[in-house]
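Report on one structure; see the data block that follows.
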Amino acid sequence: MRKVNRKPILGIRYLKLVLPKTKYPIPSIHYLAPAILLALAYFFVLATPTFAQEAPPISNDQCLLCHSEPDLTMVLPSNEVMVVTIDGNVLHDSVHGIGAEEPLNCVDCHNDKAGYPHGDFPASDYRAWQLQMAQVCGNCHEEQAVDEQDSMHARHLAAGRSEAATCTDCHGAHDVDWANPENGAVDRAAQVDACGACHSDIADEYRQSIHGQALAEGNEDVPTCSSCHPAHHIEDPQSAAFRLASPELCGQCHADEELMSEYDISTDVFDTYVSDFHGTTVQIFENTHSGEATNKAVCSDCHGAHLILPPTDENSSVMQANLTETCQRCHPDANESFTASWMGHYRPDWEKFPLVTTVDWFYKILIPSVLGFFVVYIGLDIGRTWLERSRRRREWRRSRRKQQVEKPKEVNDERE
């Protein structure tokens, strides 16, 4: 039988050199090679973190395996019963659902849940849980979260009033809709309903107002809550600064000639206020002392803040029959003659106010004429003075030259 010579595998000779000699035989190379290969594979593939594959994110379908069960509830530490059943269709149709540019998974917001069951509930009660989850919104909506930190709602929350609104109170949790007015799917009336969940009386007044009625008819131009109170940076409406700035706030629409022309509303409503005593004083205060209060009337003092009605409505505070009572809030001695002298927000014209228009034109002619006369008079006086001084200077120079000519003659006569 022919003897086969086997060449040693690379490294085996070195292995034999470094291994000490013992009475126990070294295993055959045919047994060592697979063990070495397995050890290397474990080291480079399994034991090294850089080669480890990340687990795929948990999909919404996995969460809904349990949370789509009807009447699924849990008892909180406060003994409140919280419904944890989620409608998958509502979740998928939301702004964060499958139609979004970057759809979110449940674990993107509920990122502290792992395994089953999920462990202890991380809040003391349901409201504390809502406030805790609302902070997650800032992970994506950073700009809105920063603005919200200085709002009235955030100030109330910081003061311990947990009922103050937070993200999920206005936008919802799993049924979040579009909030951008440029999106055609946005229901502007839903904003009033959202604010009305807390401010119910104010929302009812708005719905009865001329703005609210027009909104119910589908008018997209009328203001809603966020038009006057920005959605995330809501200021204190009772502050002096907000009150002084309110005419400019109303002027965003009522000073817009293009917008007002569509509804046959004159921008004189705003311009005449700014030019009268009330408006001028308010503007001076706003520009110089915006934090100081003034008793001069602003738009809401006469028209109301939310229950704004047209002047032809019998319940309007600016209707002629109700105007005396409205003016008496600031002018206790006001009577019907006082209110009858007010022209509203109209400019003087020959048709409605002929006497006032006559007086107005009288002063429009008289004042420029008087000023023009004095300008001409002063100009003529300045011209006459200049001519007189010029004549005197010429005479002085003429006499000076004459003296210079006569003086040498006198000197010569004396020498002779």
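Assorted remarks:
- Whole-number D in µm²/s for the stretch 354-402 (Stokes-Einstein; Kirkwood sum over Cα pairs; 20 °C, 1.002 mPa s): 154 µm²/s
- Classification of the stretch 60-177 by its C-alpha gyration tensor yields an oblate form. The axis ratio a/c (a ≥ b ≥ c) is 1.5 or more, and b/c is at least a/b.
- Estimated from the Cβ-Cβ distance and a Förster radius of 56 angstrom, the FRET efficiency linking V136 and I367 is about 0.25.
- Positive-end extreme of charge dipole, the stretch 104-159 - chosen from C109, V146, F121 (charges on Cβ): F121
- Note on E217 and E388: their simple-model spin labels are 7.3 nm apart, each label 7 Å out from Cα toward Cβ.
- Of the residues L366, I378, P354, the one whose Cα sits farthest toward the positive end of the charge dipole of the stretch 354-402, with +1 on the Cβ of Lys and Arg and -1 on the Cβ of Asp and Glu, is I378.
- Modelled this way, with points 7 Å down the Cα-to-C-beta line, the labels at V83 and D175 are 0.9 nm from one another.
- Under 17 Å from K352, Cα to Cα: aspartates and glutamates that are on another chain or at least 8 residues apart: D268, D360
- Rel. contact order, % - alpha carbon contacts under 8 angstrom, at least six apart, the stretch 208-326: 24 percent
- Estimated distance in nm for a label pair at A189 and K402, the labels positioned 7 Å out from Cα along Cα-to-Cβ: 10.1 nm
Values in this text are rule-based calculations from the coordinates and carry no lab data. All of these numbers come straight from a predicted model, not from anything done at the bench. Cβ atoms come from the backbone with ideal geometry, glycine included; neighbour counts cover every protein chain shown.
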